[in-house]
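K.L.:
Handing you this structure, nothing more for now.
The values are calculated or read from the model by the stated rules, or taken from the named source; none is laboratory data. Nothing here was measured: the structure is a model prediction, and the numbers come from that model. With ideal geometry, Cβ positions are generated from the backbone for all residues, glycine too; neighbour counts draw on all protein chains shown. Calculation scope for accessible area: heavy atoms of the full protein, side chains included, ligands and nucleic acids excluded. Shrake-Rupley method; radii C 1.70, N 1.55, O 1.52, S 1.80 Å.
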Amino acid sequence: MVQQHRIYVLQFDKGEPDQQELSCKVSPPKGAGRRIMYYYHDYGSGGGKNGKTPKSRTLSLRGFFGLLLICFFGLVTLLAAPGDFFSFARMGDAAAAATQQQRAPCSGVTGNDTLCCDRTSTRADMCFARGDVRMHSASQSFQLVSSSPPAAAEEEERIRPYTRKWEAQVMKTIDEVRFRRVAPGDAARCDVVHDMPAVLLSTGGFTGNVYHEFNDGLLPMFVTAGHLNRRVVFVILEYHDWWITKYGDVVSRLSAFPPIDFTADRRVHCFPEVIAGLRIHGELTVDPARTPDGRSIRDFRRLLDDAYRPRIQYLERIERKAARKQRRANAAAAAEKARLALLTSRRPRLTIVSRTTSRVIENEAELVSLATEVGFEVRVISPERSTEMCKIYRDLNGSDAMVGVHGAAMTHFLFMRPGKVFIQVVPLGMDWAANEYYGAPAARLGLRYVEYRIRPEESSLAREYPAGDPVLTDPAAVSRRGWEVTKKVYLDRQNVRLDLARFREQLVDAHRYLATSAAAGGGKRKRRPRSKAAVM
């Protein structure tokens with residue numbers, strides 16, 4: 001009998017959790033950065049001394065006593081640690097199951113001179129190039145310099161690096177970039193050499209809408225590059241100066257280097273690696289199970305704190321300087337202002353995010369009076385595209401509660417501190433979208449999310465349609481006619497007039513919750529006793 005052996009190799013990527021998919025290999029691992037675990041099993045042995053076959057009688061006796069010995073130790077092991085007895089079998093089953101799972105495309109790309117694209121996601125394509133990668137904006141491409149050209153089918157990949165892949169119309173507006181393998185003699189000469197990777201993205205598409213600016217851009221940038229600890233260069237298609245001005249504070253916390261305008265910068269930038277496209281986990285969220293270092297939406301929230309803190313501190317210094325000047329000019333007025341500030345500081349702060357076009361709160365002034373009566377210090381803000389983001393951040397970061405009607409401005413809940421209250425007023429026809437885009441993400445951030453769904457009589461549409469019209473009674477059926485109908489009827493033409501008696505209940509509950517939370521937290525801010533109205 002010929003001696004037979006089988007060796008199993010379990011190969012893990014460096015830093016990859018052991019519970020992830022296993023790759024069974026029969027060949028030695030290639031490249032550095034791997035750790036290998038072998039386990040060995042002997043399926044039987046034959047052959048005696050000097051390769052001679054023993055006599056059958058001797059083999060039989062040895063087999064008999066060997067079998068007794070195996071049974072004895074097996075029985076002892078089973079009684080002492082039954083789990084360990086079957087551990088090898090479980091390991092084999094797990095390895096077999098792992099081989100049936102398909103590895104994510106490009107997950108094994110580790111060496112130089114590699115080009116791979118993952119197009120399996122419905123949200124975004126991603127391409128990875130590693131080695132000598134050169135940005136050549138004149139030809140709308142990146143060149144991967146390769147001494148051994150691949151097959152013709154692998155020589156070029158194309159990508160539109162935007163995170164709304166399923167929306168064909170908007171994707172047509174995104175510039176397409178090529179990744180090409182070229183021979184050294186055909187490669188462009190480097191003008192700028194970087195020793196860190198680049199991430200290619202687009203700030204086109206729906207950029208200009210704050211929801212999309214965060215959901216389709218900033219959050220995916222954090223998911224894709226946050227673990228690189230600012231050692232990354234962003235290369236931007238459809239580059240907008242206003243976008244950089246608006247979000248430069250945040251971008252600077254993701255990269256320590258100025259972003260590159262792909263179209264305008266005609267220099268040849270050379271990188272050891274380029275990631276084209278961004279990963280996206282869902283609506284305004286970060287899934288820690290899918291990030292390299294387990295980061296979550298709260299880590300993004302902390303990044304916003306770090307990004308805006310210096311600017312906020314500067315604004316506060318300017319304001320204190322102006323206040324001191326005013327006090328010197330009018331001491332009496334300043335004293336009164338300080339007294340009022342002291343009084344209001346004892347109340348929880350509520351910020352109403354006001355709209356001025358559609359989905360306006362028609363009785364907003366009455367809402368302000370009601371919230372003040374309940375016990376809130378109330379502030380109304382109306383963010384515009386030109387509003388400095390840092391100022392909006394300061395208002396909401398210092399707020400205990402936020403109220404607003406469903407719309408892109410609700411994205412600013414990201415600026416609130418976990419544990420605070422977010423009340424979203426949901427117009428007719430917006431139930432699903434309100435929860436999907438803002439409600440569920442707010443809860444994942446750690447906010448106390450409250451959804452106030454208006455009744456038909458609270459909608460301005462009640463003045464346009466008769467009482468039994470499906471627009472009022474069955475918005476879901478109307479929405480099934482398509483997005484254009486939904487947008488025209490429920491987004492563009494609807495305002496709300498809150499039932500203040502009903503909405504008061506939400507404000508009272510929020511006030512009570514915040515007061516209880518403050519008391520449980522040691523009462524960091526002293527509060528005067530709540531008014532009678534606040535406990536009704």
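K.L.:
Probe of 1.4 angstrom, ligands and nucleic acids ignored: what's the accessible area per residue over region 391-507, in square angstrom?
P.N.:
40 Å²
K.L.:
Measuring with a 1.4 Å probe in the full set of protein chains, what accessible area per residue, in whole Å², belongs to region 173-291?
P.N.:
37 Å²
K.L.:
Using a 1.4 angstrom probe on heavy atoms only, work out the carbon and sulfur share of the accessible area of region 371-505 in %.
P.N.:
48 percent
K.L.:
How many angstrom lie between the C-alpha centres of region 359-383 and region 459-482?
P.N.:
27 Å
K.L.:
Here's another thing I want to ask about it. So, with a 1.4 angstrom probe, what is the percent of accessible area on region 113-214 that is carbon and sulfur?
P.N.:
Here it works out to 46 percent.
K.L.:
Which residue, P441, P427, I454, has the largest displacement toward the positive end of the dipole of region 426-466 when charges sit on each Cβ (Lys, Arg +1; Asp, Glu -1)?
P.N.:
Positive-end residue among those listed: P441.
K.L.:
Where the convex hull is taken over the Cα atoms of region 161-238, what is its projected area averaged over directions, in nm²?
P.N.:
Computed as one quarter of the Cα hull surface, the answer is 6.7 nm².
K.L.:
Beyond a 27 Å Cα-Cα separation, which of these cross-linked pairs lie in this structure: K165/K488; K420/K487; K420/K488; K172/K487; K172/K391; K325/K420?
P.N.:
Beyond 27 Å: K420/K487; K420/K488; K172/K391; K325/K420.
K.L.:
Now a separate question. Would you work out which of A408, V485, A467 lies farthest towards the positive end of the dipole of region 368-506? Charges go on Cβ: Lys and Arg +1, Asp and Glu -1.
P.N.:
With unit charges placed on the Cβ atoms, the residue in question is A408.
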